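Contents: one structure, followed by commentary.
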Amino acid sequence: MLAKPHRINTSAEYELIFKRGRKFISKYFILYTLHNPSAPIKTDILPKFGIIASKKVGQAVIRNRAKRLIREVIKAELPLLKKDFAAVIVAFASAAESELTELQLEAKKTFTQAGLYRA
């Protein structure tokens, strides 16, 4: 579980990121990012993440595995990331079937492409 300050909580925050954010597609997920978001998302101190796995991904066990793997990747990369953004990750079914190391490599590539790492 991500720490509470790192989570996106409301549907308004998700909508804002989907509408105004940039979209990056990878093999295992879609990443929507919004740098320097205005209200209602407060990211002054910490980056915020939301993870979505729809029923298209599979049954509950599979959806939860996909979200669990993505949370582990985020936790590992968190110290290296910038602090002024909010991101939503929409998982594909392939995320649940992948190994953690594969998912980490793909996430690093996508996070770099999105400019989420500190210089």
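The values are calculated or read from the model by the stated rules, or taken from the named source; none is laboratory data. Owing to the predicted nature of the structure, the values given are computational and were not obtained by experimental measurement. Positions of Cβ are generated from backbone atoms using ideal geometry, with glycine treated the same way; all protein chains shown enter the neighbour counts.
The table below gives the values:
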{"read-out": "Qualifying residues in segment 55-93 (those that are touching a Lys or Arg at 6+ places or on another chain (Cβ under 8 Å) and among the small types (Gly, Ala, Ser)) - the one surrounded by the fewest Cβ atoms within 10 Å (Cβ to Cβ)", "value": "93"}
{"read-out": "Filter pass, residue 67 being among the charged types (D, E, K, R) and in contact with a helix residue (DSSP H, G or I) (Cβ under 7 Å, 6 or more places away or on another chain)", "value": "no"}
{"read-out": "Test: residue in segment 45-66 that is farther than 23 Å from residue 115 by Cβ, at pLDDT 95 or above, touching a strand residue (DSSP E or B) at 6+ places or on another chain (Cβ under 8 Å) and not in a loop (DSSP other than H, G, I, E, B)", "value": "yes"}
{"read-out": "Residue satisfying condition, being farther than 16 Å from residue 9 by Cα and free of Cβ contacts under 8 Å to residues at least 40 places away in the same chain, within set 91, 66, 95", "value": "66"}
{"read-out": "Every residue from segment 4-28 that is out of contact with any Phe, Trp or Tyr (no Cβ under 7 Å at 6 or more places or on another chain) and part of a loop (DSSP other than H, G, I, E, B)", "value": "9, 10, 26, 27"}
{"read-out": "Residue list for segment 94-104, filter: part of a loop (DSSP other than H, G, I, E, B) and surrounded by 14 or more Cβ atoms within 10 Å (Cβ to Cβ)", "value": "98"}
{"read-out": "Close pairs from segment 1-30: first at pLDDT below 95, partner exposed (fewer than 13 other Cβ atoms within 10 Å of the Cβ), Cβ under 7 Å, at least 6 apart", "value": "10/40; 12/40; 13/40"}
{"read-out": "Any hit, segment 99-112, residues being touching a residue at least 24 places away in the same chain (Cβ under 8 Å) and within 20 Å of residue 59 (Cβ to Cβ)", "value": "yes"}
